[in-house]
Amino acid sequence: MADGLELILDDRSSDTCQASNGDSWRVVTDAVMGGLSDAQLHSDRIEGRACLRLKGRVSRRNNGGFVQASLNLDKQGRLDARGYAGVAIEIYGNDENYNLHLRSDDTRIVWQSYRASFQARPRWQSLRLPFAAFEPHRIEQVLDLGSLRRLGVVAIGREMPVDVSIARLSFYP
């Protein structure tokens, strides 16, 4: 339960890909399905702020089209976020549009998710994405906040350079 406090998922206090929640960020690309997009994920420092940086290129060739920085939300499997209103993220980017994807117990097929879009400006910005803004993608069920499993920062759907950094990630009450 939120009790009026945010739930910090990652504050980038680690200089590795390990998040504050104890799990590690990982990079996933369309190469798992034969695509040709590529990306790297590493700790960095931008304008004096510690961050996690996803950098690469989305290619539509060979039926591709995405790269993602993915984080499991709870080491025990699922996270109950019913006491929270949404996702807060501090982000720095390259003026491209990105998505935040949520996966739950209901998203059993890899292309299913709940998605909210944002533009990552080339300056640090704090965004709040309410759970109500997440649209179901290739799934009929309503987002079940009681069974969240994974979150992804995703560049998807079109050829684009990818350069997006995360300094802080939390659920806000």
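Observations
- For the range 106-115, the condition of being modelled with pLDDT of 95 or more, surrounded by fewer than 21 Cβ atoms within 10 Å (Cβ to Cβ) and under 14 Å from the mean Cα position of the chain (by Cα) holds for at least one residue.
- Within this structure, Ser126 passes the test of being exposed (fewer than 14 other Cβ atoms within 10 Å of the Cβ), over 19 Å from Val58 (Cβ atoms) and touching a residue at least 12 places away in the same chain (Cβ under 8 Å).
- Of all residues making up the range 132-173, the number that are surrounded by 14 or more Cβ atoms within 10 Å (Cβ to Cβ), more than 29 Å from Arg45 (Cα to Cα) and either among the polar types (S, T, N, Q) or in contact (Cβ under 8 Å) with a residue 40 or more places away in the chain (or both): 6
- Among residues that are at pLDDT below 95, assigned to a loop (DSSP other than H, G, I, E, B), among the small types (Gly, Ala, Ser) and over 16 Å from the mean Cα position of the chain (by Cα), Gly83 is not included.
- Against the test of being β-branched (Val, Ile, Thr), at pLDDT 95 or above and within 26 Å of Gly157 (Cα to Cα), the options Thr29, Thr16 yield a single qualifying residue, Thr29.
- Residues in the range 23-45 that are surrounded by fewer than 19 Cβ atoms within 10 Å (Cβ to Cβ) and of a type in the set (Gly, Ala, Ser): 4 in all.
- Applying the criterion of being outside any strand (DSSP E or B) and among the small types (Gly, Ala, Ser) to the residues of the range 48-70, the residue that is surrounded by the fewest Cβ atoms within 10 Å (Cβ to Cβ) is Gly48.
- The condition of being within 30 Å of Leu145 (Cβ to Cβ), of a type outside the set (S, T, N, Q) and surrounded by 19 or more Cβ atoms within 10 Å (Cβ to Cβ) holds for only one of Leu73, Leu5, that being Leu73.
The values are calculated or read from the model by the stated rules, or taken from the named source; none is laboratory data. Bear in mind that the values here come from a model prediction, so they are computed numbers and not experimental data. Counting neighbours? That spans all protein chains shown, and the Cβs are built from the backbone with ideal geometry, glycine included.
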